[in-house]
Amino acid sequence: MLPNQVVDTTVLPPAERFAFWYALVAQETAPAHISSGHLDNFVAYVQAIDLGRIRMTSLRYPSLEAIRPAKLVRSAEGDVYQLTLPLTGRSTLIHDRTESTLEPGKHFTLLDPARRHVARHHADGAGLATTITVQIPHAALPLAPDRLRRLLATPLSSHLGVGGLLAHHLRSIAAHPEQFEPAQAEILGGVAVDLLTAALAQYLDIEDTLSPEARHTALRARVVDFIDRHLDTDELSPRSVAAAHHISLRSLHRLFEAGATTVAELIRAKRLEQCRRDLGNPLLRQPIQAVAARWGFSDKAHFSRLFRAHYGRSPQEYRMAVTRQDR
C-alpha cells in the first residue's frame, strides 16, 4: 500500500472532532480560518498519500467556508501550488480578484496558497462534500510562474482531454491506494505532474515547450484512456490505436517499451478483466461465450485458454466459485 495517513473524526467525541480534523488539514493543505454550521459535531475524513515530490489529500467534510487572510499568507511557506479537484458538492473560490465556481466531475483548478483566497464548499443535502487536493512544489512544474498566474483559480476541465486523464489518475489512487506498492509512489506522482503540466500547457497554448518526458506521459495516458473506452469495439488493435492518435505503429510501440506489457498485451489483459467482472456479476447471467464475444474474444476455446492462463482457472470454474461464495 502507498504510504498514507488516515483520520476519521467519528472515532472521537463530537466536541473534539473539528480541532483534530483541522490540525491535519492545516498541515496537509494550508492553514485558514474555517467557519461551519457543524463545528460542534464535525463528521469528516482525511486521507493523505505520499507520492514522491507531491502529496495528495482526499477529504470528505460538511459544508464550510475557509478564509485565508493576509496574516496567514505571510506566515506560510511559499513555493507550493495546490490543485483542487471537487468530486461532490459545490465549490466557490475567490482568489485575489478572481471568483469562480467549480462543478464536481467537470472542473479542477490551481491555487497559490501564498495568495489570499476564500473557499466555500457546500455539501449536497445532508451529505458530505468530497475533494482531492494535491500539493505541488513550484519547481516540479516546468512552467513559468508568470504564465501560470493567469490560470490560478480558473475552472479547468476535469472530464475532457488531458485534464480528464489527470482526474481519473488521481481518483484511482485515492479510491484504491492498496492496489499500489510503496515503490510506485514516485512513479505515480511523476505521472500526475506530467499530466498536470500537459493540461496547463494546453490552456496556455505552449505544448511545444514541454519536455519529451511530459509529452510522452500525456500521449501514453491518452492511448490507455482510448483503449479503455473502446474495449468492446471489434476493430480495437494496436494499428487502430496508432491511427486514432495520428502516430505510426512503431511510435506507438515505443510508448510502451519501458513497461512490462506491449499494446496488444494491454488490450488483451483489459478485455480479460472485463470478462472476469462480468462472469462474477450475479445479475449478469449471460452464457460464457456471449460474455467473451462482447469483449472481443470470438473463439471460445482460445478465450478459455487465455482466461485460465491469466486467472488460474477456467471461465466456468471461476463463475461457479463466485456463485458459491455468494450463497
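The values are calculated or read from the model by the stated rules, or taken from the named source; none is laboratory data. Note that this is a predicted model, so its numbers are computed, not measured. In this analysis, Cβ positions are derived from the backbone assuming ideal geometry, glycine residues included, and neighbour counts consider all displayed protein chains. With ligands, DNA and RNA removed, areas are computed over all heavy atoms of the protein, side chains included. Shrake-Rupley method; radii C 1.70, N 1.55, O 1.52, S 1.80 Å.
Kindly evaluate Glu186 against the criterion of being at pLDDT 90 or above, among the acidic types (Asp, Glu), over 25 Å from Tyr45 (Cβ atoms) and open to solvent by 20 Å² or more (accessible area, probe 1.4 Å).
yes
Show the residue pairs that are 6+ apart or on different chains and have beta-carbon atoms under 6 Å apart, the first residue being within the range 196-214 and modelled with pLDDT under 85, the second being of a type in the set (Val, Ile, Thr).
Close Cβ pairs (under 6 Å, with a partner that is of a type in the set (Val, Ile, Thr)) amount to Ala214/Thr197.
When you check Val191 against the structure, is it among the β-branched types (Val, Ile, Thr) and in contact with a His (Cβ under 8 Å, 6 or more places away or on another chain), yes or no?
On the way: among the β-branched types (Val, Ile, Thr): yes; in contact with a His (Cβ under 8 Å, 6 or more places away or on another chain): yes.
For Val191, the condition - among the β-branched types (Val, Ile, Thr) and in contact with a His (Cβ under 8 Å, 6 or more places away or on another chain) - is met.
For the range 214-237, give me each residue that is open to solvent by 30 Å² or more (accessible area, probe 1.4 Å) and of a type in the set (S, T, N, Q).
Result: Thr233, Ser237.
Go through Leu93, Leu64, Leu111 for me and flag whichever is in contact with a strand residue (DSSP E or B) (Cβ under 9 Å, 6 or more places away or on another chain), among the hydrophobic types (A, V, I, L, M, F, W, C) and more than 22 Å from Leu151 (Cβ to Cβ). Steps first, answer last, please.
Values: Leu93 fails: more than 22 Å from Leu151 (Cβ to Cβ); Leu111 fails: more than 22 Å from Leu151 (Cβ to Cβ).
Among Leu93, Leu64, Leu111, only Leu64 is in contact with a strand residue (DSSP E or B) (Cβ under 9 Å, 6 or more places away or on another chain), among the hydrophobic types (A, V, I, L, M, F, W, C) and more than 22 Å from Leu151 (Cβ to Cβ).
Go through the residues of the range 126-149 one by one and say whether even a single one is in contact with an Asp or Glu (Cβ under 6 Å, 6 or more places away or on another chain), open to solvent by less than 40 Å² (accessible area, probe 1.4 Å), part of a loop (DSSP other than H, G, I, E, B) and touching a residue at least 24 places away in the same chain (Cβ under 8 Å).
No, the range 126-149 contains no residue that is in contact with an Asp or Glu (Cβ under 6 Å, 6 or more places away or on another chain), open to solvent by less than 40 Å² (accessible area, probe 1.4 Å), part of a loop (DSSP other than H, G, I, E, B) and touching a residue at least 24 places away in the same chain (Cβ under 8 Å).
How many residues, within the range 292-327, are among the hydroxyl-bearing types (Ser, Thr, Tyr) and open to solvent by 80 Å² or more (accessible area, probe 1.4 Å)?
Total meeting the criteria: 1.
Before we move on, is Phe256 under 24 Å from the mean Cα position of the chain (by Cα), open to solvent by less than 30 Å² (accessible area, probe 1.4 Å) and of a type in the set (A, V, I, L, M, F, W, C)?
Working: under 24 Å from the mean Cα position of the chain (by Cα): yes; open to solvent by less than 30 Å² (accessible area, probe 1.4 Å): yes; of a type in the set (A, V, I, L, M, F, W, C): yes.
Yes.
Would you kindly identify the strands (runs of 3 or more DSSP E) lying entirely within the range 1-51 that contain at least 2 residues that are more than 15 Å from Pro62 (Cβ to Cβ), open to solvent by 60 Å² or more (accessible area, probe 1.4 Å) and touching a residue at least 12 places away in the same chain (Cβ under 8 Å)?
Details: elements: 4-8, 33-35, 45-51.
Those strands (runs of 3 or more DSSP E) span 4-8.
Inspect all residues belonging to the range 67-78 and state whether any of them is open to solvent by less than 10 Å² (accessible area, probe 1.4 Å), farther than 14 Å from Arg120 by Cα and not β-branched (Val, Ile, Thr). Show your work before the answer.
Filtering the range 67-78 for residues open to solvent by less than 10 Å² (accessible area, probe 1.4 Å) gives 68.
Filter again for farther than 14 Å from Arg120 by Cα, leaving none.
No, because not a single residue in the range 67-78 is open to solvent by less than 10 Å² (accessible area, probe 1.4 Å), farther than 14 Å from Arg120 by Cα and not β-branched (Val, Ile, Thr).
Just checking, does the range 188-207 include any residue being among the small types (Gly, Ala, Ser) and closer than 18 Å to Ser58 by Cβ?
Yes, because at least one residue in the range 188-207 is among the small types (Gly, Ala, Ser) and closer than 18 Å to Ser58 by Cβ.
Just to check your reading of the model, which residue among Thr98, Thr154 is within 26 Å of Arg222 (Cβ to Cβ) and either touching a His at 6+ places or on another chain (Cβ under 9 Å) or surrounded by fewer than 18 Cβ atoms within 10 Å (Cβ to Cβ) (or both)?
Thr154
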